[in-house]
Protein chains: 2
Amino acid sequence: MEKDSEQMAETTNQQERDMESNSLHQPLLKRNLTLSSSPLALVGTKVSYIESLDYEINENDLFKHDWRSRSQAQVLQYIFLKWLLAFLVGLLTGLIATLINLAVENIAGYKLLAVVHYIDNKRYMMGFFFMTGVNFLLTLVATLLCVFFAPTAAGPGIPEIKAYLNGVDTPNMYGATTMLVKIIGSIGAVAAGLDLGKEGPLVHIGACIASLLGQGGPDDYRIKWRWIRYFNNDRDRRDIITCGASSGVCAAFRAPVGGVLFALEEVATWWRSALLWRTFFSTAVVVVVLRAFMEYCKDGACGLFGQGGLIMFDVSGVPVRYHVADLIPVTVIGIIGGVLGSLYNYLLHKVLRLYNLINAKGKLAKILLSLAVSLFTSACLYGLPFLASCTPCDPSLVDSECPSTGRMGNFKQFNCPKGHYNDLATLLLTTNDDAVRNIFSTNTPSEYRVFSLVIFFILYCILGLFTFGIAVPSGLFLPIILMGSAYGRLLGMAMGPYASIDQGLYAVLGAASLMAGSMRMTVSLCVIFLELTNNLLLLPITMLVLLISKSVGDCFNPSIYEIILDLKGLPFLEAHPEPWMRNITVGELADVKPPVVTLSGIETVGRIVDVLRNTTHNGFAVVDSVGQVSEVHGLVLRAHLLLVLKKKWFLQERRRTEEWEVREKFTWVDVAERWGTIEEVAVTKEEMEMYVDLHPLTNTTPYTVVETMSVAKALVQFRQVGLRHMLVLPKYHGHGVPPVVGILTRQDLRAHNILSAFPHLEKSHASKKGR
Amino acid sequence: MEKDSEQMAETTNQQERDMESNSLHQPLLKRNLTLSSSPLALVGTKVSYIESLDYEINENDLFKHDWRSRSQAQVLQYIFLKWLLAFLVGLLTGLIATLINLAVENIAGYKLLAVVHYIDNKRYMMGFFFMTGVNFLLTLVATLLCVFFAPTAAGPGIPEIKAYLNGVDTPNMYGATTMLVKIIGSIGAVAAGLDLGKEGPLVHIGACIASLLGQGGPDDYRIKWRWIRYFNNDRDRRDIITCGASSGVCAAFRAPVGGVLFALEEVATWWRSALLWRTFFSTAVVVVVLRAFMEYCKDGACGLFGQGGLIMFDVSGVPVRYHVADLIPVTVIGIIGGVLGSLYNYLLHKVLRLYNLINAKGKLAKILLSLAVSLFTSACLYGLPFLASCTPCDPSLVDSECPSTGRMGNFKQFNCPKGHYNDLATLLLTTNDDAVRNIFSTNTPSEYRVFSLVIFFILYCILGLFTFGIAVPSGLFLPIILMGSAYGRLLGMAMGPYASIDQGLYAVLGAASLMAGSMRMTVSLCVIFLELTNNLLLLPITMLVLLISKSVGDCFNPSIYEIILDLKGLPFLEAHPEPWMRNITVGELADVKPPVVTLSGIETVGRIVDVLRNTTHNGFAVVDSVGQVSEVHGLVLRAHLLLVLKKKWFLQERRRTEEWEVREKFTWVDVAERWGTIEEVAVTKEEMEMYVDLHPLTNTTPYTVVETMSVAKALVQFRQVGLRHMLVLPKYHGHGVPPVVGILTRQDLRAHNILSAFPHLEKSHASKKGR
């Protein structure tokens, strides 16, 4: 959060990006080679200033008084509200997920019905133009909304949520506009048949709902209830957003336990038992809502929604038998998943860098990129099935099953004569959800030809790489599942008579392996697949596949979310300090930073204004000196200094104030707000001579380290306790030693920034790495 | 860890226990009313001294050199070994769990066959004597082993593991003797038909295996491999024991994901993603082992084991249908579960206090207590079925199913005429596992009479309270499941025609509700039940029941594990600081402790010996003073001072040593050991005058807080970072201020101890409590 004014000038030049250096560890934003580089990051597709969140309890006089005066009833209100919010988050996420599903199934359904109708009448060109046109329009709507109203709604949003829960506040991520654009954009993009899922966006939508509920409504229309104001702090908001993210995963996969575990394993940085429980409550509510709607829609009350939409595949009826010999193909799938997953991560990283160049050219470029991808996708989905030859239906199937002429069904007739079906059309000319269901279909060993599956696999590899980065809400889960299931099923067919596992289950295992290979999750993926497939007997081999894929993938590169975080320049703090961090002390870090700015306990207004104007620090050490003895009183936040200036709480003489004086002027509600910028404050010349007693507004118990502390251990403390500022104290005690040596922030403790300032550490960095 | 010599005298008088005060917050051990009370706790049934574990990385010169000199190959060795250990933990836990199951099923099976034979021949008295006699002998074996060889093997062991992972080292918990006694004792106690399970003991056995593997074998026969020595530190051992505990749960319930989540939610204090993954690997191995043995035993190769033993109940075939109206009985079950669960906790606490009085009377008392419980149990199990009247078999059942005359089966003939069965005998005259299976049986709506279920419920309430505390390995899961399933099934019968859920599923929900009401877990219980019942459709109502039960139970008292932890006096640090901890600073805590003991960087041998003899501290501040300036060099551990004295690394003159001098004398292997007591060290008079350079052995980067820090925030840091000692620095910087104000340990930060020293805080404590 530290930034000097010279640096400010530099940052404007940072738009020029370096494409030569393609190292994975090179973020898109060029940074200056000192510590405290500016807090810039790509948010959505825009470069924005970002700030840290403050999870530390600010123990100043006002907080202490407020806390002491809270009655038992208020504590109960607070607890009740916490649970009410968890309930509402679950309820609304469930409702919105249902809405999205309804919209997608109906839009895509009627579109497909029309296309099938044209094909039935052999009006192939007309069908092509209709489908391409509708997809084009849907993509256009989604893109326009994203580009003009909410650039942060593009992409999945999961990396930003992960960063938020780590303590990085990315602006405009959780607003009402973002949420609306995300909902509509997601409906448009998924219905347009693009190779992307609604899963990632649903997680973001869940987080938006949680954030909006937590702050009492959209930014401009916030409810000013006393109750809701208890939640106006970063700690409680973090908890609610965790609930929201879990609810989103749960709504996407109808997997309540999987949702909780996903939030735990992948998204959240801090976790505790009480939160586990509340999150679980939210996901339980989501499941109840989803089930209720499915009950309601069963009888056709929801248009084309029918029974579909949510359950992606249910293989609970399939008998799972396997023996020791089956471990070989399962291991092979795991290894392929790991290799392909890391390859996918590597290539996607390249593509995203390229797209970033295109997106930087302006809004028109973004729109054209999206539309080009849409056209290419439509053309492939419609055109490629013509390459596949027709297969006669298995005589054991009834006529209504094969061939099917509706929008769904496992054996699409497409351009084939009666009694035949086109297996590639079954996979391509359908919604993504149905494609997954079809490729997972069990007890249909001879349904797909190798040729069709190979085309399907290659197509979705290309689409999976080039669709993700366009300016529409897009999730990564579905593209990866489609790719993975293709090679899984291919392997199952190759095993043929030697395998005792069904081909459909091979497809499931392939999807799991690619997800583990790319996203590097284990327990949560395992549970999500368990809840999706509804078959516990599959669990042990799923576990094995996931473990192998993750291990193999970890040999090559980090997980896709980490790559995106890095690419966006979000200052995420890793759980493990790098080994070389033991060779450097926080004192050395503090030395290469500009000298720490300290304020006196009773400071002149002029000095405060001066400091606020000339620095961008968000926290200042408050030091009292009496004769030769000096004392660190604590840390005062920029927001609170601005509050004092705005409310003009000035003193004529240099004196300590009484507690009632502060409480007369400020309430804890004021203290919780973030108060604008110094430019908005007007201070007269006379006022500049007056004094401010900073003591009552100072956090008297900031966390501290001694300057001899190694960066590795300081980082552990910083992350575990959830800090924004960490005071560095001198190791010597005696006359003339300054009481505070420096203040460290998130940026100062990031490996990349430290290595820029201390390149000699890189050597040991390169040679030694291990957990 | 702090203790003065006067206190030492007091502690011997602490055997007298106060029975007047029955508050839940009163531990069994009487403590003196100052801070730093002595670290005594009940371990098993014995009072022992306990110590804290040290999870902090001790960054002294030796560590730094060792760390720098570790080659890439050694780092890989370390990582490989981590995974190998996780694998071995899973493998051995799986094998031992299978062994226990085999032994229990065979012993109990042949016993029951003989009893059934006597009953068939109407030799009722003979049957009674045979069953009681065998049970008596089995209990005797289990008790004798526990009492004479390993008192720590009594009970479930889960609270101690929970404390260990929190940083409390309970002695003799993870030795080879303890493990053997636990295995044999558990077989004996379960086969004796006592109302206890093998689940808790299996968790303890898993932890023992992990600990033994991690240290390279039993205490006296440890492998001295270089590889295994990397694990000779508390951090790595903590990780392995977490794997062991998860494997134990997994082996008990055949629930791999549930095992991981149990460790995460209930047992572990620190957690990170990498550990989640390794734990998951261990449980995956366990499942593979269990499945392999079940395959092998399917055809009768394992005596009476057959297909039974492990899967407790599989209701995957039962169609689950429920509507909104079913929410009412489900809610009722949840509320009953919460109320009964907390009542059970309350009563069990009383019984355990009473038992503690009995156990304190000596070994004979313990043995007699166990045997009395065994006799009472046998008499009830055999005698009560005679009270039940015979029920005619449902004609739709085949003859071999009803009545059954073997040891298993759902319709036991017992004393009834042909074509009739005794429903109470079905529940009582069987193993506990079979009883669970029988009471959960689905599609048998008229199997049980209300009268029989009421007797069953009352009997198991009594047994559940009076069996747990006896000196045999005992788990809490099974008694609670039996109690809960009884009232669940009763409620299902009461609902009768109004319910659309099967009675067997009601029994499952009852068991889940009582577990949540007593143990207060949610997510992990939910997943364990999911994996046990193998029916995902049950998930939403299980979640609902668990949430209600836990919420209701939390209104009354803490979870049973917390009660036991408290009762045993284990210094467990809670995640949440109490609200009143914001009103007191660490400086105030340090003031009421004896003054901090500091050593100079270069200290005389005499002073070191003196300090070690006259204090029981385990860490000492090392302070260098030059003129008026003093500097905290760091913290030196008692173990390292003893190491210096034992190796006689003394200097003739007062000088700083070079790095090679230290490395010549000590290796990192020495530094990792814990080195005996001061009494074992002999130092001559001349040596007393010599010097020791403490610098190279001092941890130069201890975590610190300033004395103005509130205890609440200090506690968060202490627990989150995993400390043993926390240095308190003065707030003033200047001449004459001591550089270290105090050292805080785990005992100083415990709520109970602080309240003893500062009783005025109690007021606010009583009036305000809330998370």
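Assorted remarks:
- The single residue among B:T522, B:T585 that is touching a residue at least 40 places away in the same chain (Cβ under 8 Å) and in the same structural domain as B:E679 (by TED's automatic domain parsing) turns out to be B:T585.
- Some residue of the stretch A:127-149 being within 20 Å of A:M519 (Cα to Cα) and aliphatic (A, V, I, L, M): no
- Among (1) buried (at least 18 other Cβ atoms within 10 Å of the Cβ); (2) in contact with a helix residue (DSSP H, G or I) (Cβ under 6 Å, 6 or more places away or on another chain), the one test that B:D66 misses: (1)
- Taking the stretch B:29-69 as the range and being assigned to a loop (DSSP other than H, G, I, E, B) and at pLDDT 75 or above as the test, the residues that pass are B:I50, B:L53, B:D54, B:Y55, B:E56, B:I57, B:N58, B:E59, B:N60.
- Residues satisfying the stated conditions in the stretch B:550-563, i.e. over 22 Å from the mean Cα position of the chain (by Cα), part of a helix (DSSP H, G or I) and more than 10 Å from every other protein chain (Cβ to nearest Cβ): B:V552
- Only one of A:I96, A:I107 that is closer than 15 Å to A:A189 by Cα and surrounded by 15 or more Cβ atoms within 10 Å (Cβ to Cβ): A:I107
- Residues in the stretch A:733-757 that are crowded, with 21+ Cβ neighbours inside 10 Å and at the interface with chain B (Cβ under 9 Å from one of its Cβ atoms) were compared, and the one that is farthest from the chain's Cα centre (by Cα) is A:H733.
- Taking the stretch A:695-720 as the range and being closer than 22 Å to B:T585 by Cβ and at the interface with another protein chain (Cβ under 9 Å from one of its Cβ atoms) as the test, the residues that pass are A:T700, A:T701, A:P702, A:Y703, A:T704, A:V705, A:V706, A:M709, A:Q717, A:Q720.
- Residue match in the stretch B:515-529 (condition: away from chain A (no Cβ under 14 Å) and over 30 Å from B:L357 (Cα atoms)): no
- Residue-level analysis places B:E603 among those that are crowded, with 18+ Cβ neighbours inside 10 Å, charged (D, E, K, R) and not assigned by TED's automatic domain parsing to the domain that holds B:G517.
- A:Y174 meets the conditions (1) in contact (Cβ under 8 Å) with a residue 12 or more places away in the chain; (2) assigned to a helix (DSSP H, G or I) in every case but one. The failed one is (2).
- Selection status of A:L290, within 29 Å of A:N58 (Cβ to Cβ) and within 11 Å of chain B (Cβ to nearest Cβ): no
- The stretch A:721-732, residues that are on the phi < 0 side of the Ramachandran plot, outside any helix (DSSP H, G or I), at pLDDT 85 or above and facing another protein chain (nearest Cβ under 9 Å): A:L727, A:L729, A:P730
- Residue within the stretch B:650-662 that is surrounded by 14 or more Cβ atoms within 10 Å (Cβ to Cβ) and more than 20 Å from B:G606 (Cβ to Cβ) present: yes
- Some residue of the stretch A:650-667 being part of a strand (DSSP E or B) and more than 14 Å from every other protein chain (Cβ to nearest Cβ): yes
- Every residue from the stretch A:390-404 that is exposed (fewer than 13 other Cβ atoms within 10 Å of the Cβ) and in a loop (DSSP other than H, G, I, E, B): A:P395, A:S396, A:V398, A:D399, A:S400
- Filter pass, B:T279 being at pLDDT 85 or above and touching a Pro at 6+ places or on another chain (Cβ under 6 Å): no
- Of everything in the stretch B:490-541 that is touching a helix residue (DSSP H, G or I) at 6+ places or on another chain (Cβ under 8 Å) and on the phi > 0 side of the Ramachandran plot, the residue that is surrounded by the fewest Cβ atoms within 10 Å (Cβ to Cβ) is B:N534.
- Within the set A:L538, A:L482, A:L547, the sole residue that is more than 12 Å from chain B (Cβ to nearest Cβ) and not in a loop (DSSP other than H, G, I, E, B) turns out to be A:L482.
- Selection of first residues in the stretch B:348-369 that are more than 25 Å from B:S518 (Cα to Cα) and of second residues that are aromatic (F, W, Y) and surrounded by fewer than 16 Cβ atoms within 10 Å (Cβ to Cβ), restricted to Cβ pairs under 9 Å at least 6 apart or on distinct chains, gives the following pairs, ordered by first then second residue: B:K363/B:F148.
- Where helices (runs of 4 or more DSSP H) sit wholly within the stretch B:195-302, those with at least 2 residues that are outside the structural domain of B:T377 (by TED's automatic domain parsing) and in contact with a Lys or Arg (Cβ under 8 Å, 6 or more places away or on another chain) occupy B:199-215, B:234-253, B:273-297.
- Every listed requirement among (1) at positive phi; (2) modelled with pLDDT under 85; (3) within 14 Å of chain A (Cβ to nearest Cβ) is met by B:V626 save one, (1).
The values are calculated or read from the model by the stated rules, or taken from the named source; none is laboratory data. Because the structure is a prediction, the values reported are computed rather than measured. Virtual Cβ from ideal backbone geometry, glycine too; neighbours counted across all protein chains shown.
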